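Asks: Quick one: the structure is below, and I'll ask about it shortly.
Nothing in this text is a laboratory measurement; each read-out follows from the coordinates by a stated rule. Just so you know, these numbers come straight off a predicted model, no measurement behind them. All Cβ positions, even for glycine, are placed from backbone atoms using ideal geometry, and neighbour counts span all protein chains on display.
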Amino acid sequence: MEIKLRYKEGVYKDAEDSWLLQKQVEKFAKDKKVLDIGTGTGIQAITAAKSGAKEVIAVDINPDAVDLAKENAELNKVKIKVFQSDLFEKVSGKFDLIVFNPPYLPPGKPKDLAWSGGKEFIERFLKQAREYLLPNGKILFVFSSLTKLKDVEIIAKQKLPFEQLYVGIVTQQQ
């Protein structure tokens, strides 16, 4: 899927992790109500909209990312509601699909919110995310072999020189 994106300093620039997740969003978004957490450039939200999602909401804690995602949605001629939120802080409603490319690397120094959060951050996100899922809803998220998550179904992976990237999926039980 072709998407045009502009980038801005201070907003995570899409890379292998983004593109790996994007391929899964294309498969799962059709006819779904989608929430993209930590939208960054808006790549996942735009992909969901272009894949036939019935509604797409995108949030990010970074106000520059919110502005950039809005700009990229206009550039790609898709309708996405984008606003600033720290994870689910300002989100309401329930969704068929929640997408997140989290700061998955183990915390480092100095702490960079775009990269490091690690296992504890992802586990906190997953716990919160379940409250926003419709029955049979799904969560798609990226994590690294360096994160050491257990008991997560992996639906895609990519080998990099220093790690393996995974797309995990969690399905809400009825």
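Asks: In terms of modelled amide H atoms, which long-range or inter-chain residues lie less than 5 Å from the amide H of Asp36?
Replies: Amide H neighbours of Asp36, under 5 Å, 5+ apart: Ile57, Ala58, Val59, Val99.
Asks: Fewest first, what order do Val99, Val82 take by the number of other Cβ atoms within 10 Å?
Replies: Working: Val99 30, Val82 23.
Fewest to most other Cβ atoms nearby, the residues stand as Val82, Val99.
Asks: Another one. Here are some values of volume of the Cα convex hull per residue in Å³: (1) 126; (2) 109; (3) 150. Which one was computed from this structure?
Replies: (2)
Asks: Can you pick out the pairs among Lys30/Lys50; Lys54/Lys94; Lys4/Lys79; Lys27/Lys148; Lys23/Lys150; Lys50/Lys79 whose Cα atoms lie more than 18 Å from each other?
Replies: Lys27/Lys148; Lys23/Lys150
Asks: State the answer as a single residue: which of Phe83, Pro103, Leu126 lies farthest towards the positive end of the charge dipole of the range 16-171, with beta carbon charges of +1 for Lys and Arg and -1 for Asp and Glu, about the Cα centre.
Replies: It is Leu126.
Asks: Add -39500 (n - 2.57) for each DSSP H run of 4 or more in the chain, then divide by its residues: what number comes out at 222 nm, to the nearest 500 deg cm²/dmol?
Replies: Computed mean residue ellipticity for the chain: -8000 deg cm²/dmol.
Asks: What ranking do 66-74, 150-158, 12-20 get when scored by the average of other Cβ atoms within 10 Å per residue, highest first?
Replies: 66-74, 12-20, 150-158
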